[in-house]
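Data block below; observations after.
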There are 4 protein chains.
Amino acid sequence: MSKKLTKIAVLTSGGDSPGMNAAIRAVVRNAAYCDLKCDGVYRGYQGLIENEFIELGPRDVKNTINRGGTFLKSARSKGFMTKEGRQKAYDNLMARDVDALVVIGGDGTFTGASIFSKEFDIPIIGIPGTIDNDINGTDYTIGYDTALNTVVEAIDKIRDTASSHDRLFLVEVMGRDAGDIALNSGIGAGAEEILIPEENMGIERLLESLDKSRKTGKTSSIIVVSEGDQIGKNITEVANSIQTRLPDYEVKVTVLGHIQRGGSPSCSDRVLASRLGVGAVDALLEGYSNIMVGIEHKKIVYVPFDTAINIKKVLDKDLIRVADIVSS
Amino acid sequence: MSKKLTKIAVLTSGGDSPGMNAAIRAVVRNAAYCDLKCDGVYRGYQGLIENEFIELGPRDVKNTINRGGTFLKSARSKGFMTKEGRQKAYDNLMARDVDALVVIGGDGTFTGASIFSKEFDIPIIGIPGTIDNDINGTDYTIGYDTALNTVVEAIDKIRDTASSHDRLFLVEVMGRDAGDIALNSGIGAGAEEILIPEENMGIERLLESLDKSRKTGKTSSIIVVSEGDQIGKNITEVANSIQTRLPDYEVKVTVLGHIQRGGSPSCSDRVLASRLGVGAVDALLEGYSNIMVGIEHKKIVYVPFDTAINIKKVLDKDLIRVADIVSS
Amino acid sequence: MSKKLTKIAVLTSGGDSPGMNAAIRAVVRNAAYCDLKCDGVYRGYQGLIENEFIELGPRDVKNTINRGGTFLKSARSKGFMTKEGRQKAYDNLMARDVDALVVIGGDGTFTGASIFSKEFDIPIIGIPGTIDNDINGTDYTIGYDTALNTVVEAIDKIRDTASSHDRLFLVEVMGRDAGDIALNSGIGAGAEEILIPEENMGIERLLESLDKSRKTGKTSSIIVVSEGDQIGKNITEVANSIQTRLPDYEVKVTVLGHIQRGGSPSCSDRVLASRLGVGAVDALLEGYSNIMVGIEHKKIVYVPFDTAINIKKVLDKDLIRVADIVSS
Amino acid sequence: MSKKLTKIAVLTSGGDSPGMNAAIRAVVRNAAYCDLKCDGVYRGYQGLIENEFIELGPRDVKNTINRGGTFLKSARSKGFMTKEGRQKAYDNLMARDVDALVVIGGDGTFTGASIFSKEFDIPIIGIPGTIDNDINGTDYTIGYDTALNTVVEAIDKIRDTASSHDRLFLVEVMGRDAGDIALNSGIGAGAEEILIPEENMGIERLLESLDKSRKTGKTSSIIVVSEGDQIGKNITEVANSIQTRLPDYEVKVTVLGHIQRGGSPSCSDRVLASRLGVGAVDALLEGYSNIMVGIEHKKIVYVPFDTAINIKKVLDKDLIRVADIVSS
């Protein structure tokens, strides 16, 4: 980076996740701490194109660390997928003398950043913000821990009813193609079975397992189903299969839905977001670009966008074994 | 009541609700306090028929006041709808020398109690336990306040995402034919519109109102829809109508489902359950039967089952006006 | 009221309580609904004197209903206790063409309002906002229900430790001279003893009761102590008495403190605040002054300030009996 | 280990922490999974001496994963510090044919285990269960994550009042000699200053910093103080110093106390406890003894008791820097 850094901008893009505000706050405060100016951009890449900027100083981000969602808002941007859109975005950044960009989001966000950064030679640092924990190169993404707690608290409530009525509940949780939310919340909630995209146990093995459970005296059950699971076309289909083949069970379906994306962030997510936000500005000042700031074994790491996006994160096999044992 | 009371039994029936355990606890402890023996019956009327009793003393109900669901479990009983089933239930009660019964549940529970009590001349007192608050003659039912908090906390989370993405969320809440949960949680969650069975606003008026909101600058919205609402056949249909007619909105649907029935009871529900549980035993000792113990203006009231069940509770019109004003 | 109402102002005063923001929001929105202008005043009566006003429209209060505290802030004002201070306050109101005032707070707030209203013949309506529930003429004050839930959730956590270690915990809760918080949260938390200012059981009876409990097999205990309780000069003294006389107990003290004043309001407090906020503007438009808007048996009532302040609210004796029975 | 393993016992000792039940559950279920018998021991080492055993099968631990505290209870044991006590404990274990022990607790627990194991040549595996996160050789201890969330939620509530009244709050949190809870919860809660035992900033620097904050426009502040901090003899002394020297501040003190040890465990703590519980039985079957099962970078590690206890864990300096920046 030849040019001296004097002003940066920060935006959030893609699905919102709890802790994004804490990350923005940390970017803004580290910028001020290092005597950089900082702009916020509303509605992600779309705001870059539509020129929706706001100056942000340390006092402008007070009382945001405990809030879910993102006060800079997020949006999908078809315009940013076109050369014209990105040119407009770049022109707007130049008009405001912005030297570098911090983008908070998931793989779609980083893909856009990677293209934009190479196209216009503007430094961009990514911060992984998604509840799905599906980004390679970082132990955790911002919002994931909070989502796990939200799911587990919801299933704790459902279990009250399941136990009171001797019912079988299928609970669908988010996670896209990654089973992290399902596997961890399933263990945390004491689920009897956990269906994840990475391990297709097949409907027959599920039915056998449930049949066996009932015979050994389990009267109620929770099955956590990842939205990306491949057993049935959808969770209703799985429920119907169980109900038909095991009529003794009274089967109910709950789709947790968007409550998983919101809520006040957990302490762990707030600390993670603070570290990554500070780290992103550090990385820019050290001259980095086109990388994601991640966390590995409690240390900040810099991961090229390509590594973060294109390599599929591997699910922890040991955790699947633990899930099998503790649900027995 | 000619016979002296020496032993009572308590059961929970119908859908479970947070605070039922606190009510059981209060029945058991007031029984002990008044030197009555007390049995618990598992799985409601079905347990009466299948002879599933357990002796309960004051120490057996410790650490239950904070637990959702019902540790005595609940079930539907087809058998109790037959004369034979009820005869079996009565024989089991007599075999254990049970003189009177406390039943915790909703209108179905009270209907069964009313028939059983008259048929066999056994004193029965009802305690209103349902999240729906749809029982006449009591200001509140056990579990209703907790359900309101659960719904409002869930919508607070959804609003994070709605605000971050400028979306419109339709959130379906429970309540059967009663709009109490929808109306109160809708006001509490700051919903822009509230659809309840008691007031069919019609799809056209809803669309007009949403159109107007958007034009006056509202970018995100929450609509709370009672499960008993009559605008569309179901919530997906309503969502589709909005999406088709107001394509500017990005419409999402969330069905909160069974999380609403569970969870640790609120303080208010624990106190209410304690009062009603104590009151039920008091009522038996005073010689009452065939009544529900309710609360009106913070005082215990005795309400004949017929009044509780057969008269439809009236929704508070003033609250509808408040909802209109504060969502403006 | 001879003068036509065109503009009102709203302020919060005294200790903050959860739901105050919801009340401000309802005042602002009903004002707009009725075509009145509305100013907010920062920092209570002190802001009146120091001329800290802000115009508030319906969009300015969005996303406030779920927030604890008061965004208008609160403060004590020595100045308002002087004639000069009040004159200054009145002049500022007149300079901004404010015709009437809505004040949200407790008895101190209403006392000030009463003097000010009579002195300058300006219409003032009060809204009861305090966690203590110590205002006469209203069933509930805003924030009380939330505080009860906060206390009960805290004691649920403490009980985990009490049960795990067979300890006796003295937990001090707020409430000033009123035992409402202690009595209700004590029942809700399943406390073994509840010490309230209205009923001085005496240290000897407490020690006897604890001694008896231990002998009947209770191994852990929670005692809820109201801050206004009269048994000892303070909670540490009570703890020491117990420890000295009943050395078998391992006694611990926890003072819950200011967590009781904060937090996102419960649904019940949000609905109450919405109703009272709407009601306050209604009352002004109906020509009332010098009254508090309260709630009685779910209906809005108008209560003269004198009645609200000067008559001590009576504690529900039946609730004390219930507490005795369920803790047995 | 020459002897074949057929029966193990599990106990909890020292201060309780959320997730201990989840760890017991995992030990019991992995034991059953591996065809080992399993006993639970009540009240830690004291129960070993007093012969308080209970057989535990997989169904006996259902519905425990979400409960705070420890259902096996915990206690201090002076007896276990004597040779006679330990001999009695060993005899009781032999009389029940227990071949090996799993102990869940902190450094005191491991110290006792280490002595006992060497003295009688009985295999013992430790699981780190303490909210303080002060055990060397494991990234996290069970209960730490939950305690952080409890502290942050409490301070979020206190901040409502601090902001509403422009006050300065000193909040004391647990952690013994370790600043982990204070540092992480301080960042998470957005505290302006964090006082930890590892870094004595001195009262003068604190006063300067606060003075500067006020001058730059901060009106309210939260200072998180670790119970082991060295600035003052206690938190009241610190508060008095501030009040005297900076009379503009209205200073309040809150000691969070025992709420920090309780509560339903977070998802992260439940998963950690499940992994460590499974890992402890695995370790026994692999022939290990005198080690703690810990977690490092998401993998199970075996750490000699001596390493776990005697080496002081190092606080993350980078986190102190992050705290400085984000509080600016």
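For the range C:31-46, taking the residues that are among the aromatic types (Phe, Trp, Tyr) and crowded, with 19+ Cβ neighbours inside 10 Å, the one that is nearest to the other protein chains (Cβ to nearest Cβ) is identified as C:Tyr42.
What about C:Gly263, is it modelled with pLDDT of 95 or more, assigned to a loop (DSSP other than H, G, I, E, B) and surrounded by 17 or more Cβ atoms within 10 Å (Cβ to Cβ)? Criteria met by C:Gly263.
Based on this model, can you work out whether D:Ser328 counts as in contact with an Asp or Glu (Cβ under 7 Å, 6 or more places away or on another chain), open to solvent by 30 Å² or more (accessible area, probe 1.4 Å), facing another protein chain (nearest Cβ under 8 Å) and not aliphatic (A, V, I, L, M)? When the stated conditions are applied, D:Ser328 does not pass them. Annotation note: Cβ proximity below 8 Å between a residue of the range B:142-163 that is closer than 21 Å to A:Asn149 by Cβ and more than 8 Å from every other protein chain (Cβ to nearest Cβ) and a residue that is open to solvent by less than 20 Å² (accessible area, probe 1.4 Å) and among the charged types (D, E, K, R) (sequence gap 6+ or interchain) occurs for B:Thr146/B:Asp269.
Scan the range D:1-32 for residues that are of a type in the set (Gly, Ala, Ser) and closer than 17 Å to C:Ser164 by Cβ and the total you get is 7. Please find, among B:Asp282, B:Asp316, B:Asp269, the residue that is within 11 Å of another protein chain (Cβ to nearest Cβ) and surrounded by fewer than 18 Cβ atoms within 10 Å (Cβ to Cβ). Answer to the check: B:Asp316. Inclusion of D:Ala178 among residues that are more than 20 Å from C:Asp16 (Cα to Cα), open to solvent by less than 30 Å² (accessible area, probe 1.4 Å) and outside the structural domain of D:Leu272 (by TED's automatic domain parsing) is warranted.
Per the conditions (1) more than 14 Å from every other protein chain (Cβ to nearest Cβ); (2) in contact (Cβ under 8 Å) with a residue 60 or more places away in the chain; (3) open to solvent by less than 60 Å² (accessible area, probe 1.4 Å); (4) polar (S, T, N, Q), the sole criterion not satisfied by D:Thr12 is (1).
Taking C:Ile54 as meeting all but one of (1) within 25 Å of the chain's Cα centre (by Cα); (2) over 23 Å from C:Arg261 (Cβ atoms); (3) not hydroxyl-bearing (Ser, Thr, Tyr), write down the number of the exception. Unmet for C:Ile54, out of (1) within 25 Å of the chain's Cα centre (by Cα); (2) over 23 Å from C:Arg261 (Cβ atoms); (3) not hydroxyl-bearing (Ser, Thr, Tyr): (1).
Every listed requirement among (1) open to solvent by less than 30 Å² (accessible area, probe 1.4 Å); (2) in the same structural domain as A:Ala178 (by TED's automatic domain parsing); (3) within 27 Å of the chain's Cα centre (by Cα) is met by A:Ser213 save one, (3). Condition check for A:Val103 on (1) open to solvent by 10 Å² or more (accessible area, probe 1.4 Å); (2) of a type outside the set (D, E, K, R); (3) touching a Phe, Trp or Tyr at 6+ places or on another chain (Cβ under 9 Å): one failure, at (1). Looking across A:Leu256, A:Leu276, one residue alone is farther than 26 Å from A:Ile125 by Cβ, at pLDDT 95 or above and of a type in the set (A, V, I, L, M, F, W, C). It is A:Leu256. Filtering B:Ile194, B:Ile242, B:Ile222 for residues that are hydrophobic (A, V, I, L, M, F, W, C) and open to solvent by 30 Å² or more (accessible area, probe 1.4 Å) leaves a single hit, B:Ile194. Right, B:Glu119: at negative phi, assigned by TED's automatic domain parsing to the domain that holds B:Gly279 and open to solvent by 60 Å² or more (accessible area, probe 1.4 Å) or not? Yes. Scanning the range D:167-202 for residues that are farther than 22 Å from D:Glu237 by Cβ, more than 7 Å from every other protein chain (Cβ to nearest Cβ) and touching a residue at least 40 places away in the same chain (Cβ under 8 Å) yields one hit, D:Asp180. Here D:Arg205 does not fit the description of being in contact (Cβ under 8 Å) with a residue 12 or more places away in the chain, more than 28 Å from A:Ile142 (Cβ to Cβ) and outside the structural domain of D:Asp16 (by TED's automatic domain parsing).
Out of all the residues in the range A:268-280, is one or more in contact (Cβ under 8 Å) with a residue 40 or more places away in the chain, hydrophobic (A, V, I, L, M, F, W, C) and more than 30 Å from A:Lys37 (Cβ to Cβ)? Scanning the range A:268-280, I find no residue that is in contact (Cβ under 8 Å) with a residue 40 or more places away in the chain, hydrophobic (A, V, I, L, M, F, W, C) and more than 30 Å from A:Lys37 (Cβ to Cβ), so the answer is no.
Any chance the range D:127-147 includes a residue that's more than 30 Å from A:Cys267 (Cα to Cα), crowded, with 24+ Cβ neighbours inside 10 Å and of a type in the set (A, V, I, L, M)? Checked against the condition, which is being more than 30 Å from A:Cys267 (Cα to Cα), crowded, with 24+ Cβ neighbours inside 10 Å and of a type in the set (A, V, I, L, M), the range D:127-147 yields no hits at all. Applying the criterion of being more than 16 Å from the chain's Cα centre (by Cα) and not in a loop (DSSP other than H, G, I, E, B) to the residues of the range C:291-304, the residue that is surrounded by the most Cβ atoms within 10 Å (Cβ to Cβ) is C:Ile291. Condition check for D:Arg59 on (1) within 14 Å of another protein chain (Cβ to nearest Cβ); (2) at pLDDT 95 or above; (3) in a helix (DSSP H, G or I): one failure, at (2).
For every residue, the table says whether it meets (1) more than 13 Å from chain A (Cβ to nearest Cβ); (2) under 17 Å from B:Ser117 (Cβ atoms); (3) in contact (Cβ under 8 Å) with a residue 12 or more places away in the chain; (4) not in a loop (DSSP other than H, G, I, E, B).
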| residue | (1), (2), (3), (4) |
| --- | --- |
| B:Asn21 | no, no, yes, yes |
| B:Ile24 | no, no, yes, yes |
| B:Leu48 | yes, yes, yes, yes |
| B:Asn51 | yes, no, yes, no |
| B:Gly68 | no, no, yes, no |
| B:Lys73 | no, no, yes, no |
| B:Arg76 | no, no, yes, no |
| B:Lys88 | yes, yes, yes, yes |
| B:Val102 | yes, yes, yes, yes |
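The values are calculated or read from the model by the stated rules, or taken from the named source; none is laboratory data. Because the structure is predicted, anything quoted here is derived from the model rather than measured. Positions of Cβ are generated from backbone atoms using ideal geometry, with glycine treated the same way; all protein chains shown enter the neighbour counts. These accessible areas exclude ligands, DNA and RNA; they are computed on the full protein's heavy atoms, side chains included. Shrake-Rupley method; radii C 1.70, N 1.55, O 1.52, S 1.80 Å.
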